[in-house]
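Here's the structure, in structure tokens; my notes come after.
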Amino acid sequence: MSVSTVRRESSKTISQMAQKIGALDLAKALTDLKIRGEHRKFAVLERDASSPPVAAYHGLVDATLAEEGLPEADRNVKIWCSNDYLGMSRSPIVAEAMIEAIRTCGAGAGGTRNISGTSVHHIALEQALSKLHGKEAAAIFTSGYNANEAALGVLGKILPDCIIFSDELNHASMIAGMKRSGAARRIWRHNDIDHLRSLLEDAPPQSAKLIAMESVYSMDGDIGPLEKACELAEAYGAYLYVDEVHAVGLYGDHGGGVAEQLGLTGRIDVIEGTLGKAYGVMGGYIAASKTIVDAVRSFAPEYIFSTALSPVLAAGALASVRQLSASQQERTLHRKNVSRLKQELTRRGLAFMDGPSHIVPVLIGDPDRCVATAHRLLEDHNIYVQPIVYPTVPRGTERLRLTPSPFHDEASIIELCNALESVFELI
């Protein structure tokens, strides 16, 4: 055996040993996660487009599922935790647009945006989104996560000596983008505009400044102080970046989000949104000036190296954006059901975090009890609510996050509240 062969075999053996050692570390990390009650399982659901929010339930799975196939669905459940806030994923208007697109141009984009992957559907969608938010341009991504990571990653890197002022409860995707940018960060206490002002005052005048915040915070259901943030951005010459993923489609006369509802769109530099929540399809986007959008498209790896969003999805999202820009019906019924749920929870003395948005968190405060409550709702009452635990929320604030839709009628609300009362007596 040659010396080179011996070296290769020795290297292979060392590599195998390292892999085995690593596997033990991974197994221990997973065991610790299970002991803390934070290991996640996923409900396999086959949603019924003709009868929302009903879905056929196929059981719970985790990453260790190895067998081919799944058990047959043995019952229907009602979903109370979907981000498909307006049920637009089931809209015939959206479905027909997607069917037509797949007939005419096939399933996939066929490449990245600059290598054969830009279709007429992508351009039409970006034009509709820029119009929705009153901006010069828009760029779509495969997810809201990618949009945040790309935009904040580029802006924080390119803006000279940039300091990013980030609300402490900003989404993980925003934090990932900020970290990757290498920009300095200052964390301001959640929704504390006075703290933000003090941080801006202490910042070097010559540094570029970027305020990053959300409009609707998805786990607490509260709304950020957008108007005061606009005032501070203007006073200190800062850019203002607002994540509206839990607001677009839902707020404002045309679904332009909280910024549109408050008449602040023109005072915000970058609006980031999603096509996978109220619009019911998939994808994320930013809307901003031509210069900002071009910079993000030109420098963000997520945009340059990712296969473009399927034109089928872009066509469906465009149909949804157009529908919600013109129609108030979906939003009106949605707000009615949100109000009904809050009133019924209050009437029964069931504690919840009563914020100004459409998100209704029922605080449990313990991971085991939170998981057990969700389990009992599912097994005893055929109601599916995913328990929200760390790291999505801080330890000690575990909760059930309820998201009523236009299809959660009064009977469904009574059914849910009856089930919650019954389970809370047992857990």
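Confirm whether S215 is under 27 Å from A128 (Cα atoms), in contact with a Phe, Trp or Tyr (Cβ under 7 Å, 6 or more places away or on another chain) and either among the polar types (S, T, N, Q) or open to solvent by 10 Å² or more (accessible area, probe 1.4 Å) (or both).
So S215 does not fit the description; no.
Would you kindly identify the strands (runs of 3 or more DSSP E) lying entirely within region 134-210 that contain at least 2 residues that are charged (D, E, K, R) and surrounded by fewer than 21 Cβ atoms within 10 Å (Cβ to Cβ)?
Ranges flagged: 184-188.
Among the residues of region 381-398, is there at least one that is in a helix (DSSP H, G or I) and more than 29 Å from M88 (Cβ to Cβ)?
No, because not a single residue in region 381-398 is in a helix (DSSP H, G or I) and more than 29 Å from M88 (Cβ to Cβ).
With respect to the numbered conditions (1) crowded, with 19+ Cβ neighbours inside 10 Å; (2) over 26 Å from V61 (Cβ atoms); (3) of a type outside the set (S, T, N, Q), which one is the sole condition not fulfilled by E398?
Failed condition: (2).
Against the conditions (1) open to solvent by less than 40 Å² (accessible area, probe 1.4 Å); (2) closer than 15 Å to A317 by Cβ; (3) in contact with a Lys or Arg (Cβ under 7 Å, 6 or more places away or on another chain), where does A109 fall short? Just the number, please.
Result: A109 fails condition (3) only.
Being outside any helix (DSSP H, G or I) and either open to solvent by 60 Å² or more (accessible area, probe 1.4 Å) or touching a strand residue (DSSP E or B) at 6+ places or on another chain (Cβ under 6 Å) (or both) is the filter here; which residues of region 340-360 pass it?
The answer is G349, A351, F352, M353, D354, P356, S357, V360.
Counting only residues that are at pLDDT below 95 and of a type in the set (S, T, N, Q), which one in region 381-395 is most open to solvent (accessible area, probe 1.4 Å)?
If we take residues in region 381-395 being at pLDDT below 95 and of a type in the set (S, T, N, Q), then T392 is most open to solvent (accessible area, probe 1.4 Å).
Starting from residues that are closer than 13 Å to W80 by Cβ and touching a residue at least 60 places away in the same chain (Cβ under 8 Å), keep the ones in region 415-427 and report whichever is most open to solvent (accessible area, probe 1.4 Å).
The extreme case among them is E415.
For region 25-95, list the strands (runs of 3 or more DSSP E) that sit wholly inside it and hold at least 3 residues that are under 18 Å from V385 (Cβ atoms) and touching a residue at least 60 places away in the same chain (Cβ under 8 Å); which are they?
In region 25-95, 75-79 are the strands (runs of 3 or more DSSP E) which contain 3 or more residues that are under 18 Å from V385 (Cβ atoms) and touching a residue at least 60 places away in the same chain (Cβ under 8 Å).
If the Cβ limit is 7 Å and pairs must be 6+ apart or interchain, which residue in region 342-366 that is under 12 Å from L402 (Cα atoms) pairs with which residue that is open to solvent by 40 Å² or more (accessible area, probe 1.4 Å) and outside any loop (DSSP other than H, G, I, E, B)?
What qualifies is M353/L363; S357/I223.
Considering region 302-332 alone, what residues qualify as being open to solvent by 60 Å² or more (accessible area, probe 1.4 Å) and assigned to a helix (DSSP H, G or I)?
R322, A326, Q329, T332
Table: residues versus (1) under 30 Å from D269 (Cβ atoms); (2) among the small types (G, A, S); (3) open to solvent by 20 Å² or more (accessible area, probe 1.4 Å).
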| site | (1), (2), (3) |
| --- | --- |
| F42 | no, no, yes |
| S51 | no, yes, yes |
| L70 | no, no, yes |
| S91 | no, yes, no |
| A101 | no, yes, no |
| Q127 | yes, no, yes |
| K131 | yes, no, yes |
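State the number of residues belonging to region 278-301 that are in contact with a Lys or Arg (Cβ under 8 Å, 6 or more places away or on another chain) and part of a loop (DSSP other than H, G, I, E, B).
Number satisfying all stated conditions: 2.
Kindly provide the set of residues from region 263-273 that are open to solvent by 10 Å² or more (accessible area, probe 1.4 Å) and in contact with a Ser or Thr (Cβ under 9 Å, 6 or more places away or on another chain), ordered by number.
Selection gives D269 alone.
Condition test on A247, is it open to solvent by less than 10 Å² (accessible area, probe 1.4 Å) and either part of a strand (DSSP E or B) or closer than 23 Å to E168 by Cα (or both)?
Yes: the conditions hold for A247.
Scan region 372-380 and give yes if some residue there is acidic (D, E), open to solvent by 40 Å² or more (accessible area, probe 1.4 Å) and modelled with pLDDT under 95, otherwise no.
no
Determine the pairs where a residue that is over 13 Å from R322 (Cβ atoms) and in contact (Cβ under 8 Å) with a residue 12 or more places away in the chain, located within region 122-137, has a partner that is surrounded by fewer than 19 Cβ atoms within 10 Å (Cβ to Cβ) and of a type in the set (S, T, Y) with Cβ atoms under 6 Å apart, the partner being 6 or more residues away or on another chain.
Matching pairs, first to second residue: E136/S289.
Just one of I286, I292 is among the β-branched types (V, I, T) and open to solvent by less than 10 Å² (accessible area, probe 1.4 Å); which is it?
Within the list I286, I292, the selection yields I286.
Is it the case, given these coordinates, that K135 is more than 27 Å from A176 (Cα to Cα) and either modelled with pLDDT of 95 or more or over 22 Å from the mean Cα position of the chain (by Cα) (or both)?
no
The values are calculated or read from the model by the stated rules, or taken from the named source; none is laboratory data. Please read all numbers here as calculations on a predicted model, not as lab measurements. Note: ideal-geometry Cβ built from the backbone for every residue, glycine included; neighbour counts use all protein chains shown. The protein model used for the area step is the full one, side chains on, heavy atoms only, and it has no ligands, DNA or RNA in it. Shrake-Rupley method; radii C 1.70, N 1.55, O 1.52, S 1.80 Å.
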